[in-house]
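A quick write-up on the structure given underneath.
The values are calculated or read from the model by the stated rules, or taken from the named source; none is laboratory data. Just so it is clear, the model here is predicted, and its values are computed rather than measured. Methodologically, a virtual Cβ is constructed for each residue, glycine included, from the backbone with ideal geometry; neighbour enumeration extends over all protein chains shown. Surface accessibility is based on the protein's heavy atoms, side chains included, excluding ligands, DNA and RNA. Shrake-Rupley method; radii C 1.70, N 1.55, O 1.52, S 1.80 Å.
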Amino acid sequence: MRTRFLLGVVLALAVTAGCTSTERRPGDAGPAGAPAPIASATASAVPSATPAGPTTPATSSPPAGPTRGERLSEIRRTDWPNVAVRALRFCGESDDVVQFRNGSNGFDIPCRMLPGGARPVYGEFLVEEPANAPPREDALVLVELGNPGAARQQALVPVHVSWDGRTREAWPVIEGDPPTPAGNRMTFTSYRIEGQIVVATVKRLDGKTETRRYRQAGMYGPWERF
């Protein structure tokens, strides 16, 4: 009788343990208050690498143009084909001012401004008084004296804006070599300003090319090669 009672107790305990087990299968809901199940896939803290595509070249903005309202220097506003230049004695005129129209002064032996598509160059290369005056740009232009097919001579002409802020005034010019009786002439093929020095590439009378450097002898003196 006692043995049968003990067997009944063991069977009762086994049934109770099976009903209260916390073991769950995937998808089963847990008991109230139990922690949520842990996901099987763990996300990485480092983003996964992606295949590298074609690199887009870096682009930069185009150069900025003139700011609206920005003013050019007075000398750069010059209408060179129709300019009036004071003290340009190279052209052989008796008048104090040489007036160009469409690039020529219109004389029988004409003086031409910027012949053959030449262009002015600009820089602060003329020493002006007073020394404490604000710096202003000057110009260097090519002129040619003589008729086509005849003896012609070229010169580089420094031009500045006079004290009145309007008048274009020539300084002593850099003359090319005088032409030969046979008609050979020297031409300035290029020219530039380096500080207060003028550097020019010339085609000589003999047809050879060379580079020449000029500096001014004194404030208003003639230009000399060195």
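Below, the figures for the structure above:
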read-out	value
Net +/- balance of residues flanking V199 in space, Cβ distance below 12 Å, scoring K and R +1, D and E -1	+3
Å² of accessible area per residue within segment 81-120, as computed with a 1.4 Å probe and no ligands counted	58
Formal net charge of residues neighbouring F226 (Cβ-Cβ distance under 11 Å; K, R +1; D, E -1)	+3
Diffusion coefficient, µm² s⁻¹, Stokes-Einstein with Kirkwood Rh over alpha-carbon pairs of segment 127-211 at 20 °C and 1.002 mPa s	147
Surrounding net charge for F125, when Lys and Arg each add one and Asp and Glu each subtract one, Cβ distance under 12 Å	-2
Nearest-20 debye value, segment 162-226 charge dipole, Cβ charges on Lys, Arg, Asp, Glu	200
Simple label model, 7 Å out from Cα along Cβ direction - N184 to W163, nm	4.7
